Amino acid sequence: MNLLIDETGDCKKGNHTDYVKRQYIGNVGKKENGIVAVTAYGLFKGMILPLSFDIYKPKDRLKTGDEYQSKPQIAARMIRQLQAMGFHFELVLADSLYGESKVNFVNVLDELKLP
């Protein structure tokens, strides 16, 4: 199975929804007020299956008890969790945001011996 990592945003008005902020929303192609989730999908025999997701929590919107994690850190944590659940990946695919994050994403792939 291959693993696909992506973030998806949803535009929101106001700021009453937790973790909504003016930030880059990829599917809109620009900064907008919205919420973003990092999602892990499995590609298995031509089918794309959602495996896990987590909401990105901007630093200035954290609640008491929240710990800031960048999108690449969230993705790296997801990969570890999925492997702990018994998933095995032949290949991990992600956009350039993750590829540029050597410290907390690419290094995890190297550590786990994932291409």
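Read-outs: derived from the displayed coordinates by stated rules, not from any lab. It should be emphasised that the depicted structure is a prediction, and the values quoted were computed from it without experimental measurement. When we count neighbours, we look across all protein chains shown, and the Cβ atoms used for this are built from the backbone with ideal geometry, even at glycine.
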In degrees, nearest 10, the alpha-carbon axis of helix 71-84 is tilted away from the dominant principal axis of the alpha carbons of the chain by 40 degrees
Residue of Pro50, Pro72, Pro58 that the Gaussian network model of the chain assigns the largest fluctuation, springs spanning Cα pairs under 10 Å | Pro50
Packing-based order for 74-85, 21-32, using average beta carbon neighbours within 10 Å, highest first | 74-85, 21-32
Rounded to a whole number, what is D in µm²/s for the chain from Stokes-Einstein with the Kirkwood radius over alpha-carbon pairs (10 °C, 1.306 mPa s)?
-> 107 µm²/s
How much FRET efficiency would the formula 1/(1 + (r/R0)^6) give for Ile55 and Glu90, where r is the Cβ-Cβ distance and R0 is 22 Å, rounded to 0.05?
-> 0.20
Computed helical MRE - 222 nm, the chain, DSSP H runs ≥ 4 contributing -39500 (n - 2.57), nearest 500 | -5500 deg cm²/dmol
